[in-house]
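J.: There's a structure below that I have some questions on.
The values are calculated or read from the model by the stated rules, or taken from the named source; none is laboratory data. Computed from a predicted model, the values in this text were never measured in an experiment. Using ideal geometry, Cβ is built from the backbone for each residue, glycine included, and neighbour counts are taken over all protein chains shown.
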Amino acid sequence: MAHIPDGVLSAPVLTTGAVLSAGALVYALRRLDYDRIPQAAMLSALFFVASLVNVPVGASSVHLILNGLMGILLGWAAVPALLVALLLQAIFFGYGGLAVLGINTLNLALPALLCAALFRGAIHRCHSPRQLFWLGALTGFSGIALTGVLVCLALALSGPEYIPAAKVALLTYVPLMLAEAAITGTILGFVQRVAPEQLRLQQVTRD
Amino acid sequence: MSSLPLLAPLATSSFLNTLDPRLRVLLCLAWTGSCLSLERLSLQALAALAALGVALLLGLSPRALLRRLVVMEGFMLLVLLLLPFSMPGNPVFTLGNLEATDAGFARALGILFQAHGVIFMVLILLGTLEVVTLGHALARLGVPDKLVHLLLFTVRYVQVLYEEHLRLRQAMRARAFVPGTNRHSWNSLGWLLGMLLVRSLERASRIHEAMKCRGFHGRFYLLDDGAWGRHDTLIALAAVPLVLVLPLLESVL
């Protein structure tokens, strides 16, 4: 849903995306302990698998991205985890491309980081599954909303001819936002009931 | 219950496998740069054709290629469809009060050609590599080792989790679950993913303990020597004009 293929964006947008995500990547990798690599990889794999799940919304169906949840669970480690997932998708499924890896990573990782900054504290403090559902829904919703805005911004900055399309394209994110909100909320509520300690992993391990 | 490996490399001729994986990564990057620098529609089409030709010549099956044509998601399709109407140029036809222009069509076609030119080359040069080999090649090219570790671990776990996911889905199907747009479906899918999440985190901590137990101290050893042969140098030299010819044509024309 958030894959922009090669050939669409202009060189300055591609370069900016690459530079910004490279910066975030370097910082994230420096913070990532070797000890946390199995955990980060497990979650990266989980999100890769989740992106294969088809969720029907009305007449259409969407593939989940779950970048908000990824930010909550991984924090900064979401940046390399998303990059790895996007690289695998490009190589094995032909989604996206190579030159767009930077900007595509940024479009997903920036909302993930923002969700982590905004909602992580509240989620760690909250212990009621019902409230966690709503916090999760907010996370999922804002993660995708922001990704949609960033994708359209990347398009609009690439050339004025994309602006009408970008405006309409924003609408196609609405079903995804709803599905992500519902599913992210349910996941958080579920984890709180089944394994509450896993939700607050980052309080125990360093991050 | 066994399943097809999700991240299996595509089958190819044996010639490609004699090349050093680093060379394949570098060629792919060079081709991407060259293909994306083209501005003439005819050259963009030529690049897409060339990439297709190389992919077929090196033994990628047309079926595998067809299945992986650039997946235009709804949203990108929309962008391409609206492009002819939003670019200034000579009108080709009008739809209501919207004008489709030749420049717009050229741009939309150009995007299709460039996207496929790149992705065909990615599929033949990188998609045919074992991911482990690719990881090692990236490490030798100077990609940070933590990122390479993350890639290698992720590839391993994707298969594990995918099989687990299929098992859970089968259990849901056995109980006659058909996804729809309703609370029940969203709950069920959320619980499915939540279950996967809990299990995967538990598995990650087991793996971490097992690694510690074996004395892991933050380093994987790359055991293959990854020798760069004379053969690779020759191919690299032969590839230089191939990569450069299209951008050169562009500047000459």
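J.: If you check B:L27 against the conditions, is it in contact with a Leu (Cβ under 7 Å, 6 or more places away or on another chain) and either assigned to a helix (DSSP H, G or I) or among the β-branched types (V, I, T) (or both)?
T.: So B:L27 passes the test.
J.: Which condition does A:A41 not pass, out of (1) surrounded by fewer than 21 Cβ atoms within 10 Å (Cβ to Cβ); (2) on the phi < 0 side of the Ramachandran plot, if it passes all the others?
T.: (1)
J.: If you check B:V92, B:V25, B:V79, which single one turns out to be within 12 Å of another protein chain (Cβ to nearest Cβ), at negative phi, touching a helix residue (DSSP H, G or I) at 6+ places or on another chain (Cβ under 6 Å) and surrounded by fewer than 21 Cβ atoms within 10 Å (Cβ to Cβ)?
T.: B:V25
J.: Now a separate question. Which pairs do you get when a residue that is without any contact (Cβ under 8 Å) to a residue 40 or more places away in the chain, found in the stretch A:50-63, comes within reach of a residue that is in a loop (DSSP other than H, G, I, E, B), reach meaning Cβ atoms under 7 angstrom, with the pair 6+ apart or on two chains?
T.: A:A50/A:L64; A:A50/A:L66; A:S51/A:L64; A:S51/A:I65; A:V53/A:L64; A:P56/B:P179; A:P56/B:G180; A:P56/B:T181
J.: Select the helices (runs of 4 or more DSSP H) contained entirely in the stretch B:116-217, then report the ones holding at least 2 residues which are at pLDDT 90 or above and facing another protein chain (nearest Cβ under 9 Å).
T.: In the stretch B:116-217, the matching helices (runs of 4 or more DSSP H) lie at B:145-174, B:183-213.
J.: Sticking with this structure for a sec: Search the stretch B:142-157 for residues that are closer than 12 Å to A:P80 by Cβ and pair each with any residue that is hydroxyl-bearing (S, T, Y) when their beta-carbon atoms are under 6 Å apart and the residues are at least 6 apart or on different chains.
T.: Partner pairs satisfying both residue conditions: B:T154/A:S44.
J.: Same structure, new question: So if I check each of A:L69, A:L83, which one is within 8 Å of chain B (Cβ to nearest Cβ) and surrounded by 24 or more Cβ atoms within 10 Å (Cβ to Cβ)?
T.: So the residue among A:L69, A:L83 that is within 8 Å of chain B (Cβ to nearest Cβ) and surrounded by 24 or more Cβ atoms within 10 Å (Cβ to Cβ) is A:L83.
J.: A further question follows. Considering only residues that are surrounded by 16 or more Cβ atoms within 10 Å (Cβ to Cβ) and over 14 Å from A:V84 (Cα atoms), which ones fall in the stretch A:44-60?
T.: A:A50, A:V53, A:V55, A:P56, A:V57 - these are the residues of the stretch A:44-60 that are surrounded by 16 or more Cβ atoms within 10 Å (Cβ to Cβ) and over 14 Å from A:V84 (Cα atoms).
J.: I would also like to ask the following. Out of A:V49, A:V8, which single residue is among the aliphatic types (A, V, I, L, M) and more than 17 Å from the chain's Cα centre (by Cα)?
T.: None of the other options fit; the residue is A:V8.
J.: Being part of a helix (DSSP H, G or I), under 19 Å from A:D33 (Cα atoms) and of a type in the set (G, A, S) narrows it down to one of A:A116, A:A112, A:A90, so name that one.
T.: A:A116
J.: Output the qualifying pairs, or none if there are none: Cβ atoms under 6 angstrom, residues six or more apart or on different chains, first residue in the stretch B:52-65 and over 20 Å from B:T18 (Cβ atoms), second residue surrounded by 14 or more Cβ atoms within 10 Å (Cβ to Cβ).
T.: B:L52/B:F120; B:A64/B:L10
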